[in-house]
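Below is one structure, written out as structure tokens, with a few remarks after it.
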Amino acid sequence: MKYIIYTMMILLLSVFSQSCDKFLDEKPQLSAATPDKEEDLRALLDFESQINLYYPGLIELGTDDYYLADVDYGKMLASYQEAYTWDKEMLSMDVDYWRLCYNTIMIANIVLEGVERLQPIKNMDIRGEAMFVRGLAHFYVAQLYSPLFDKDTDSPYGVPIRLTSDFNVPVTRATVHETYKQIIDDLSGAIPCLKDQASEINRPSKRAAYAALARIYLSMSDYVKARYYANESLKLNADLMDFNAIDPTPAFPINPKNVEMIYYGSTISASSVLHNSTARIPKSIYNSFADNDLRKSVFFKTVNATEYAFKGYYSGRSASYFAGFANDELYLIRSECNARLGTTKEALDDMNKLLENRVRKGTFEKLVVSDTKDLLNLILNERRKEMLFRGVRWSDLKRLNVDPDYAIDLYREINVNGKIKRYELPANDSRYLYPIPAEVIMQSDIPQNPR
């Protein structure tokens with residue numbers, strides 16, 4: 001882990017006031033490697049490349065959101081080919097997926113230590129934002145390098161929990177239960193310090209913390225708590241975009257400052273694979289959208305007569321995926337949880353409200369579903385369509401595979417030297433747990449994941 005800390009020391013001495021998007025205001029510079037003013041803490045949290053744009057591309061690489069043409073697959077780096085085909089060893093694993101998350105965690109720890117050192121500070125939302133950032137970054141690490149949370153059985157293969165900037169503190173793996181407890185403690189602890197809605201979409205808020213907890217509890221199959229936090233966020237703002245008002249012709253039709261936006265997060269990690277100039281949408285996904293479904297023209301562009309690419313990023317620009325939070329996800333979470341908990345009317349109400357804002361005006365027909373299983377199937381199908389390239393598919397596959405009714409065996413077929421080679425990832429396979437990069441194992445001596 002020490003090489004991660006050394007990288008951070010360089011980052012802390014750098015100038016990072018330059019905004020990378022027009023909608024993100026310019027931020028003040030950090031005055032020193034050890035922040036000694038409240039403004040320095042604010043500057044660290046506004047370090048967009050490390051706070052809003054660090055998310056690991058690996059979380060999308062192994063999903064069935066996309067496929068690659070044979071010729072594009074052949075041009076990819078070995079590390080991308082291994083992730084794409086679910087290679088068991090993944091000897092070329094890129095350490096950046098791990099490093100960037102822990103860089104972000106380090107920044108959060110420096111800020112939290114600064115808050116304690118500089119007490120009293122004027123803006124306690126700084127503390128809340130740092131806790132949010134640390135909790136969310138640990139969650140991204142856990143989705144890649146830890147098994148699915150199981151409330152009945154703990155596992156020793158959690159991730160290292162870093163709560164200090166002191167790199168002399170030994171690196172050890174927490175259990176999965178300990179990992180998720182810390183993630184939840186950070187996000188829950190952030191809430192009292194945060195504003196209901198932040199002044200800028202790239203800063204955390206109560207809405208964002210509630211949304212993050214809803215996503216996390218859904219990944220844990222805790223439907224009562226996932227519903228509760230989705231509802232708490234929607235109490236503060238439940239607006240949805242009317243897709244009838246979106247012009248589908250621009251390269252990226254969705255404005256990031258839309259009414260659904262809760263928290264902005266995006267990434268170009270693994271973009272040589274996931275960029276829409278390369279990644280293609282499976283026909284089964286494209287054809288699942290009805291002709292009156294406006295998402296079909298807002299989300300996709302036609303590449304040729306048989307191929308489609310994605311353009312409906314909530315980031316409003318080219319990305320590997322949108323990693324933030326928006327209200328549409330919360331409607332889907334609350335609807336799924338209500339269906340699973342037997343409150344079908346509420347589940348249907350959320351689905352009807354969402355879909356009414358997604359189809360061509362005058363063509364919406366209110367859903368009427370009496371069978372609970374049919375309703376859940378409908379909700380999960382809509383989640384599959386709405387949440388493309390949102391960084392949640394890998395987690396969804398892991399949690400849904402536990403239920404035989406929703407388990408999916410993935411496969412890819414690639415033409416290699418004139419022969420079709422088939423690669424498979426069965427449901428619940430050990431390869432859903434990515435190997436920790438070799439450099440991390442060598443420097444920390446933590447145990448490797450079993451694959």
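The values are calculated or read from the model by the stated rules, or taken from the named source; none is laboratory data. A quick note: this is a predicted structure, and the numbers were derived from the prediction, not measured. Backbone-built Cβ (ideal geometry, glycine too); neighbour counts: all protein chains shown. In case anyone asks, the SASA skips ligands and DNA or RNA and just uses the protein heavy atoms, side chains included. Shrake-Rupley method; radii C 1.70, N 1.55, O 1.52, S 1.80 Å.
Table for the structure above
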| item | result |
| --- | --- |
| Gln81 being part of a loop (DSSP other than H, G, I, E, B) and free of Cβ contacts under 8 Å to residues at least 24 places away in the same chain | no |
| Residue satisfying all of: in region 153-183; β-branched (Val, Ile, Thr) and open to solvent by 20 Å² or more (accessible area, probe 1.4 Å); farthest from Ala214 (Cα to Cα) among these | Val169 |
| First in region 310-331 and within 21 Å of Asn231 (Cβ to Cβ), second anywhere and in a loop (DSSP other than H, G, I, E, B) and among the polar types (S, T, N, Q), Cβ under 9 Å, 6 or more apart | Gly324/Asn52; Gly324/Asn202; Gly324/Ser315; Ala326/Asn258; Asn327/Asn237; Asp328/Asn357 |
| Among the candidates Pro450, Pro435, residue that is out of contact with any strand residue (DSSP E or B) (no Cβ under 6 Å at 6 or more places or on another chain), in a loop (DSSP other than H, G, I, E, B), open to solvent by less than 50 Å² (accessible area, probe 1.4 Å) and in contact (Cβ under 8 Å) with a residue 24 or more places away in the chain | Pro435 |
| Residues satisfying the stated conditions in region 247-283, i.e. open to solvent by less than 30 Å² (accessible area, probe 1.4 Å) and over 25 Å from Phe132 (Cα atoms) | Pro253, Ile254, Val273, Leu274, Asn276, Thr278, Ala279, Arg280, Ile281, Pro282 |
| Verdict on Tyr331 being open to solvent by less than 10 Å² (accessible area, probe 1.4 Å), within 26 Å of Ile281 (Cα to Cα), part of a helix (DSSP H, G or I) and of a type in the set (Ser, Thr, Tyr) | yes |
| Region 136-152 - residue that is in contact (Cβ under 8 Å) with a residue 40 or more places away in the chain and in a loop (DSSP other than H, G, I, E, B) and, of those, least open to solvent (accessible area, probe 1.4 Å) | Ser146 |
| Members of region 335-361 that are under 14 Å from Ala290 (Cα atoms), open to solvent by 70 Å² or more (accessible area, probe 1.4 Å) and in a helix (DSSP H, G or I) | Glu356 |
| Residues of region 368-409 satisfying the condition of being under 19 Å from Glu329 (Cβ atoms), touching a Leu at 6+ places or on another chain (Cβ under 8 Å) and not in a helix (DSSP H, G or I) | Met387, Phe389, Tyr406 |
| Pair list, Cβ under 6 Å, 6 or more apart: region 153-175 residue without any contact (Cβ under 8 Å) to a residue 40 or more places away in the chain and under 17 Å from Cys101 (Cβ atoms), other residue surrounded by 14 or more Cβ atoms within 10 Å (Cβ to Cβ) and of a type in the set (Ser, Thr, Tyr) | Gly158/Ser146; Gly158/Thr175; Gly158/Thr179; Val159/Tyr145; Val159/Ser146; Val159/Thr179 |
| In region 413-427, residue nearest to the chain's Cα centre (by Cα) [restricted to those that are part of a loop (DSSP other than H, G, I, E, B) and either surrounded by 13 or more Cβ atoms within 10 Å (Cβ to Cβ) or β-branched (Val, Ile, Thr) (or both)] | Ala427 |
| Hits in region 362-412 - residues which are within 26 Å of Lys345 (Cβ to Cβ), exposed (fewer than 13 other Cβ atoms within 10 Å of the Cβ) and not hydrophobic (A, V, I, L, M, F, W, C) | Gly362, Thr363, Glu365, Lys366, Ser370, Asp371, Lys373, Asp374, Asn381, Asp403, Asp405 |
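Conditions (1) surrounded by fewer than 24 Cβ atoms within 10 Å (Cβ to Cβ); (2) of a type outside the set (A, V, I, L, M), marked per residue:
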{"site": "Ser205", "(1), (2)": "no, yes"}
{"site": "Ala209", "(1), (2)": "no, no"}
{"site": "Ala212", "(1), (2)": "no, no"}
{"site": "Tyr217", "(1), (2)": "yes, yes"}
{"site": "Asp222", "(1), (2)": "yes, yes"}
{"site": "Ala238", "(1), (2)": "yes, no"}
